[in-house]
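Asker: Okay, handing you the structure first.
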Number of protein chains: 2
Amino acid sequence: MNVVRTVADVREALGPARRAQRSIGLVPTMGALHEGHLSLVRAAREHNDVVVVSLFVNPAQFEDAGDLAAYPRDEQRDAVLAADAGTDLLFVPTRDEVYPPGFATTVSVGGVLTATLEGAQRGTTHFDAVTTVVTKLLNMVSPDVAYFGQKDAQQALVVRRLVADLNLPVRICVWPTIREPDGLARSSRNARLNADERERALALRSALDAAQRAVTAGERDADAVGLTARAAMISFGVEPEYVALVAAGSLAPVARIETDTLVAVAARVGATRLIDNTILHPNGRP
Amino acid sequence: MNVVRTVADVREALGPARRAQRSIGLVPTMGALHEGHLSLVRAAREHNDVVVVSLFVNPAQFEDAGDLAAYPRDEQRDAVLAADAGTDLLFVPTRDEVYPPGFATTVSVGGVLTATLEGAQRGTTHFDAVTTVVTKLLNMVSPDVAYFGQKDAQQALVVRRLVADLNLPVRICVWPTIREPDGLARSSRNARLNADERERALALRSALDAAQRAVTAGERDADAVGLTARAAMISFGVEPEYVALVAAGSLAPVARIETDTLVAVAARVGATRLIDNTILHPNGRP
């Protein structure tokens, strides 16, 4: 596996493959790789000739300096995991390579897609930071396909919107959430949980399961399903930041669960903020 | 010359050239082609294997519905001129093709580059509209080189900033302003001038000439040069919107003309808003 740190080098490394019209898959990450990321890398490996993984902890998308400082970083470990999963090229740009002096451009997706859920909790600049850096990474690497996780369901929808709106010549693939055996969604932040918090972290998945059971049992009122999910979370001693039932494609609030509906939850467990989601299919899976 | 109206068709039309690694030059225009545009098309023709001209009157960058409605449109005339100048592919997207329902993304260059001159006069959304549509056109066509006119000096700097900041894989070429024999800068808006206004429109070029003469004579105080330029314009009975002396690269205001300095002027002549500019080289041309 080749490791490069500049845009010029990543383009040069990919030049021969591009000229030979071999397909390039990109998995953009903030490092701290776990099974979720690695499932994306394996998908990229299966469907492309060349697999690029980027590691860049984007300072702009942390609204909190402490959260940024606490974000786990271990390039050597990430490099071993990425290589084992089939990565050809690891792209690790510096902060100055991504945001050189004089940098002045923002890519912003407006509307409900970014105003709700994580946008409402983390501030309006959070998704601007995501969409700006994703646009940059897609232009730096120019992949045929880029892979994102369903764990960050809202981010995936925002990226799809961005790519459509800016006519970026790339296909976006969204891959299912990978979970621990007990159901906890894999996340780089899980490493920060102590033993007690790790148990209580199951609150998020339990809330989603409760919502799913209510809908399977015939409940269609979104408020009722939301209250059921919320109660499940609180039974673990975890206070939800939000439990939201929204249209799976637009994130618009829903009153009745008649079509595919995203249940998205967020909560702090101790000092660690976790999110999770599932899609309810009241009419059966498509 | 081939004419296409959709993103899918422009990509399909360019596919063979791209796969053969032939170079593609794009001249983005709002139509109403004149010698200024055609000089860009000829430059693209000279330096590329394939020349694409886009015609799209971007509604978002008109702050005034009347100005948008009055903007001249004549696709058949433009097609003849573009073909004669060497265009291979004319791309004429509809408004819905560029801004489909649900469109929600803005590309914004911040800082002094967009806040001053045209940004100050036309409102902050003007350049957002320019940078958003230019990003889209560059992604739709994926040219190797895109051509812009020095007539819109600020726009050219904003586009260069945008391309650098978003790592768009394209080279930007800026071509000199083309003028009428008497010095009036070519502009699609010149067609709206009546005979009296056409005479008075020379006020803009006269202001630039006066600034140039003052600097050639040794004046280095920006305010003094600005006043001289302003007086020249007013002598034509034209009231300047602005006469600005700013650093040619950053558009930051300058007090002393010690390095390359952009003199930019804007004025309404009758109902028609005109702009022009020149670069003062106090140390000789580079």
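The values are calculated or read from the model by the stated rules, or taken from the named source; none is laboratory data. All of these numbers come straight from a predicted model, not from anything done at the bench. Every residue, glycine among them, receives a Cβ derived from its backbone with ideal geometry; neighbour counts consider all protein chains shown.
Asker: Condition first: hydroxyl-bearing (Ser, Thr, Tyr) and either touching a Phe, Trp or Tyr at 6+ places or on another chain (Cβ under 9 Å) or on the phi > 0 side of the Ramachandran plot (or both). Now tell me which residues in segment A:124-174 satisfy that.
Answerer: A:142, A:147
Asker: (1) over 30 Å from residue B:144 (Cα atoms); (2) in contact with a helix residue (DSSP H, G or I) (Cβ under 8 Å, 6 or more places away or on another chain); (3) within 11 Å of another protein chain (Cβ to nearest Cβ): which one isn't true of residue A:115, the others all being true?
Answerer: (2)
Asker: So, of the residues in segment A:161-183 that are in contact with a Gly (Cβ under 9 Å, 6 or more places away or on another chain) and within 14 Å of chain B (Cβ to nearest Cβ), which turns out to be farthest from residue A:208 (Cα to Cα)?
Answerer: A:165
Asker: Considering only residues that are under 23 Å from residue A:133 (Cα atoms) and surrounded by fewer than 23 Cβ atoms within 10 Å (Cβ to Cβ), look in segment B:142-154 and name the one that is farthest from the other protein chains (Cβ to nearest Cβ).
Answerer: B:144
Asker: A further question on this structure: Could you please find all residues in segment A:1-37 being closer than 15 Å to residue B:169 by Cβ and more than 14 Å from chain B (Cβ to nearest Cβ)?
Answerer: Scanning segment A:1-37 gives a single hit, A:13.
Asker: Would you kindly identify the strands (runs of 3 or more DSSP E) lying entirely within segment B:170-286 that contain at least 1 residues that are modelled with pLDDT of 95 or more and in contact with a Pro (Cβ under 8 Å, 6 or more places away or on another chain)?
Answerer: Because the criterion is at least 1 residues that are modelled with pLDDT of 95 or more and in contact with a Pro (Cβ under 8 Å, 6 or more places away or on another chain), the strands (runs of 3 or more DSSP E) in segment B:170-286 that meet it are B:240-247, B:261-269.
Asker: Could you run through segment A:210-224 and say how many residues are more than 12 Å from residue A:262 (Cβ to Cβ), crowded, with 18+ Cβ neighbours inside 10 Å and in contact with a strand residue (DSSP E or B) (Cβ under 6 Å, 6 or more places away or on another chain)?
Answerer: Count: 1.
Asker: Follow-up. Checking residue A:76 against (1) more than 14 Å from chain B (Cβ to nearest Cβ); (2) polar (S, T, N, Q); (3) under 28 Å from residue B:113 (Cβ atoms): exactly one of these is not met. Which one?
Answerer: Failed condition: (3).
Asker: Let me ask you something else. Looking at this structure, is residue A:125 within 13 Å of another protein chain (Cβ to nearest Cβ) and surrounded by fewer than 22 Cβ atoms within 10 Å (Cβ to Cβ)?
Answerer: Answer is yes for this residue.
Asker: Let me spell it out: the conditions are (1) farther than 29 Å from residue B:23 by Cβ; (2) touching a residue at least 24 places away in the same chain (Cβ under 8 Å); (3) within 13 Å of chain A (Cβ to nearest Cβ); (4) not hydrophobic (A, V, I, L, M, F, W, C), and residue B:132 meets all of them except one. Which number is the exception?
Answerer: Result: residue B:132 passes all but (1).
Asker: Also, I was wondering about something else. Need pairs with beta-carbon distance below 8 Å; first residue farther than 21 Å from residue A:135 by Cα and within segment A:31-59, second surrounded by fewer than 21 Cβ atoms within 10 Å (Cβ to Cβ) and among the aromatic types (Phe, Trp, Tyr); sequence gap 6+ or separate chains.
Answerer: Note: pairs meeting the criteria are A:32/A:71; A:39/A:175; A:43/A:175.
Asker: Here is a check on your reading of the model: is residue B:195 free of Cβ contacts under 8 Å to residues at least 24 places away in the same chain, surrounded by fewer than 18 Cβ atoms within 10 Å (Cβ to Cβ), within 14 Å of chain A (Cβ to nearest Cβ) and out of contact with any Lys or Arg (no Cβ under 6 Å at 6 or more places or on another chain)?
Answerer: No: the conditions fail for residue B:195.
Asker: Give the number of residues within segment B:222-266 that are among the aromatic types (Phe, Trp, Tyr) and without any contact (Cβ under 8 Å) to a residue 60 or more places away in the chain.
Answerer: Selection size over segment B:222-266: 1.
Asker: Give the residue that is farthest from the other protein chains (Cβ to nearest Cβ), with candidates limited to residues of segment A:84-97 that are within 17 Å of residue A:28 (Cβ to Cβ) and surrounded by fewer than 20 Cβ atoms within 10 Å (Cβ to Cβ).
Answerer: Among residues in segment A:84-97 that are within 17 Å of residue A:28 (Cβ to Cβ) and surrounded by fewer than 20 Cβ atoms within 10 Å (Cβ to Cβ), the one farthest from the other protein chains (Cβ to nearest Cβ) is A:86.
Asker: Quick check on segment B:103-113. Is at least one of its residues touching a residue at least 60 places away in the same chain (Cβ under 8 Å) and of a type outside the set (A, V, I, L, M, F, W, C)?
Answerer: No: zero hits.
Asker: Take the residues in segment A:1-60 that are part of a helix (DSSP H, G or I) and acidic (Asp, Glu), then tell me which one is surrounded by the most Cβ atoms within 10 Å (Cβ to Cβ).
Answerer: It comes out as A:9.
Asker: Right, here's the next one. Could you figure out which of (1) under 20 Å from residue A:270 (Cα atoms); (2) in contact (Cβ under 8 Å) with a residue 12 or more places away in the chain isn't true of residue A:170?
Answerer: Residue A:170 satisfies all of (1) under 20 Å from residue A:270 (Cα atoms); (2) in contact (Cβ under 8 Å) with a residue 12 or more places away in the chain except (1).
Asker: For residue B:124, are the conditions met, namely being over 17 Å from residue A:135 (Cα atoms) and modelled with pLDDT under 95?
Answerer: Against the criterion (over 17 Å from residue A:135 (Cα atoms) and modelled with pLDDT under 95), residue B:124 qualifies.
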